[in-house]
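S.K.: Have a look at this one.
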Amino acid sequence: MDRTLIILKPDAVQRGLSGEIIRRFEARGLKIAAMKMMQVSRELAEEHYAEHRGKGFYEGLVSYITSGPVIVMALEGKNVTAVTRHTIGATNPLQADVGTIRGDLAIEIGRNLVHGSDKPETAERELALWFSDSDFAPFERAGDNWLYE
């Protein structure tokens, strides 16, 4: 199975939306392979957002992701990165479809609740930043045969 990274940002945690957001991913059939709540260090935030270094919004991204606790998850499933991106919705919540996390629960780009890896290659890099091999708890779900052909 493929894996991808999801971060429930400080606004999701502070607004008490963590359970609802996690429920939506699980309802889609995605499996939580690893999960932890943490306070993000500036160093980790800078490494995570390295591709945006030098852009006008970079400092705001780093400051915001370090402003409060986050929940970080590794999700597994077929085409998991595409599935999570569709479930999350457009970066700008005002352009996100109703039924998506951002379309239903967010209003502004700067407080859009969730980060999700944008492609499998990015997911691989991001997962290595946030998790070690010992963080994963491999298990078989009894219902997976009802999700995939």
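The values are calculated or read from the model by the stated rules, or taken from the named source; none is laboratory data. What you are looking at is a predicted structure, and each value in this text was computed from that prediction instead of being measured. Positions of Cβ are generated from backbone atoms using ideal geometry, with glycine treated the same way; all protein chains shown enter the neighbour counts. Only protein heavy atoms, including side chains, enter the accessible area calculation; ligands, DNA and RNA are left aside. Shrake-Rupley method; radii C 1.70, N 1.55, O 1.52, S 1.80 Å.
S.K.: Just for segment 84-96: of the residues that are out of contact with any strand residue (DSSP E or B) (no Cβ under 6 Å at 6 or more places or on another chain) and β-branched (Val, Ile, Thr), which one is least open to solvent (accessible area, probe 1.4 Å)? Quick ask: steps written out before the conclusion?
M.R.: Step one: of segment 84-96, the residues out of contact with any strand residue (DSSP E or B) (no Cβ under 6 Å at 6 or more places or on another chain) are 86-87, 89-96.
Now narrow it down to the ones that are β-branched (Val, Ile, Thr): 87, 91.
Values: Thr87: 13, Thr91: 73 Å².
Looking at the filtered set, the residue picked out is Thr87.
S.K.: Also, quick follow-up: Within segment 49-63, track down each residue that is open to solvent by 80 Å² or more (accessible area, probe 1.4 Å) and either in a helix (DSSP H, G or I) or under 30 Å from Asp144 (Cα atoms) (or both).
M.R.: Scanning segment 49-63 gives Glu51, Glu59.
S.K.: In segment 1-48, which residues are open to solvent by 80 Å² or more (accessible area, probe 1.4 Å), assigned to a loop (DSSP other than H, G, I, E, B) and over 18 Å from Glu124 (Cα atoms)? Please lay out each step first, then the result.
M.R.: The first filter runs over segment 1-48 and keeps only residues open to solvent by 80 Å² or more (accessible area, probe 1.4 Å), leaving 1-3, 14-15, 23, 26, 28, 35, 37, 39, 42-43, 47.
Next, from what is left, pick out any that are assigned to a loop (DSSP other than H, G, I, E, B): 1, 15, 28, 39.
If the condition is that a residue be open to solvent by 80 Å² or more (accessible area, probe 1.4 Å), assigned to a loop (DSSP other than H, G, I, E, B) and over 18 Å from Glu124 (Cα atoms), then Arg15, Arg28, Gln39 are the ones that fit.
S.K.: Within segment 62-83, count every residue that is farther than 26 Å from Met1 by Cβ and either touching a strand residue (DSSP E or B) at 6+ places or on another chain (Cβ under 6 Å) or modelled with pLDDT under 95 (or both).
M.R.: Going residue by residue through segment 62-83, those that are farther than 26 Å from Met1 by Cβ are 62-69.
Checking the rest, the ones that are also either touching a strand residue (DSSP E or B) at 6+ places or on another chain (Cβ under 6 Å) or modelled with pLDDT under 95 (or both) come to 69.
Result for segment 62-83: 1.
S.K.: If you don't mind, there's one more thing I want to ask. Going by what's in this entry, would Ala123 be described as crowded, with 19+ Cβ neighbours inside 10 Å, free of Cβ contacts under 8 Å to residues at least 12 places away in the same chain and of a type in the set (A, V, I, L, M, F, W, C)?
M.R.: no
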